[in-house]
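Since the structure comes first, as structure tokens, the remarks are kept for the end.
FYI, it's all coordinate maths here, none of it is from the lab. Just so it is clear, the model here is predicted, and its values are computed rather than measured. We place every Cβ from the backbone using ideal geometry, glycine too, and count neighbours over all the protein chains shown.
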Amino acid sequence: MDPETSDAVWEPLRQAATAALAHAYVPYSRFPVGAAARLEDGTIVSGCNVENASYGLTLCAECTMIGAARMCGGGLIREFYCVDGSGGILMPCGRCRQLLYEFSTADTRIMTSRGIKTMDQVLPDAFGPRDLDSAAAQTADP
Ligand code: THU
């Protein structure tokens with residue numbers, strides 16, 4: 001059994017993401033999204049999309065999930081799973097890939113409709129925290 005593809009790894013995340021759908025606030029798009037992640041300490045966190053009458057202020061499900069991850073202090077993301085309103089696997093939008101990247105490692109795995117992927121596969125050549133460090137080093141006074 002490959003631990004990476006095992007149901008024991010992914011089924012609890014699918015269930016948590018699906019359960020989160022019940023909390024989605026989507027009066028404008030009518031497109032509920034649920035997201036879930038297992039963190040480094042094993043905690044499973046979830047999130048749902050929360051829309052706003054000022055449409056652009058909408059919080060994606062990944063956004064509320066990242067807030068939950070920070071609040072519980074469980075560490076970086078080990079695995080991530082996102083679903084649409086019918087429970088089908090949903091690819092995180094571009095902005096949310098960036099949100100996830102901030103809290104991922106080279107070992108983070110993302111469930112996608114094309115199989116299990118690394119963060120680098122879903123957001124190649126990403127800008128991240130280390131780029132800020134190297135930019136600061138380049139501009140630092142000698
Ligand atoms: N949405 C998410 O919550 N996550 C994504 O990765 C894709 C889009 C939400 C935003 C909006 O509430 C609805 O889906 C339709 O775009």
* Residues satisfying the stated conditions in the stretch 86-114, i.e. closer than 16 Å to Arg14 by Cα, within 11 Å of the ligand (Cβ to nearest atom) and within 10 Å of the chain's Cα centre (by Cα) -> Met91, Pro92
* Asked: Does Ala20 qualify as being in a strand (DSSP E or B) and either among the acidic types (Asp, Glu) or within 11 Å of the ligand (Cβ to nearest atom) (or both)?
  -> no
* Structure fact -> All conditions in (1) free of Cβ contacts under 8 Å to residues at least 24 places away in the same chain; (2) within 22 Å of Val9 (Cβ to Cβ) are true of Leu123 except (1)
* State yes or no: is Pro32 over 11 Å from Gly85 (Cα atoms), within 14 Å of the ligand (Cβ to nearest atom) and in contact (Cβ under 8 Å) with a residue 24 or more places away in the chain? => no
* Structure fact -> Only one of Ala126, Ala53 is assigned to a loop (DSSP other than H, G, I, E, B), more than 30 Å from Asp2 (Cβ to Cβ) and either more than 9 Å from the ligand (Cβ to nearest atom) or out of contact with any Pro (no Cβ under 9 Å at 6 or more places or on another chain) (or both), namely Ala53
* Asked: Of the residues Ser134, Ser104, which single one is over 17 Å from Ala20 (Cα atoms), assigned to a helix (DSSP H, G or I) and of a type in the set (Ser, Thr, Tyr)?
  -> Ser134
* Is the stretch 93-102 home to any residue that is closer than 21 Å to Gly47 by Cα and among the aromatic types (Phe, Trp, Tyr)? -> yes
* Structure fact -> Inside the stretch 1-18, the number of residues satisfying the requirement of being under 19 Å from Glu51 (Cβ atoms) and exposed (fewer than 14 other Cβ atoms within 10 Å of the Cβ) is 0
* What about Val26, is it in contact with an Asp or Glu (Cβ under 7 Å, 6 or more places away or on another chain) and more than 16 Å from the ligand (Cβ to nearest atom)? -> no
* Asked: For Glu62, are the conditions met, namely being in a helix (DSSP H, G or I), within 8 Å of the ligand (Cβ to nearest atom) and either of a type in the set (Asp, Glu) or free of Cβ contacts under 8 Å to residues at least 24 places away in the same chain (or both)?
  -> yes
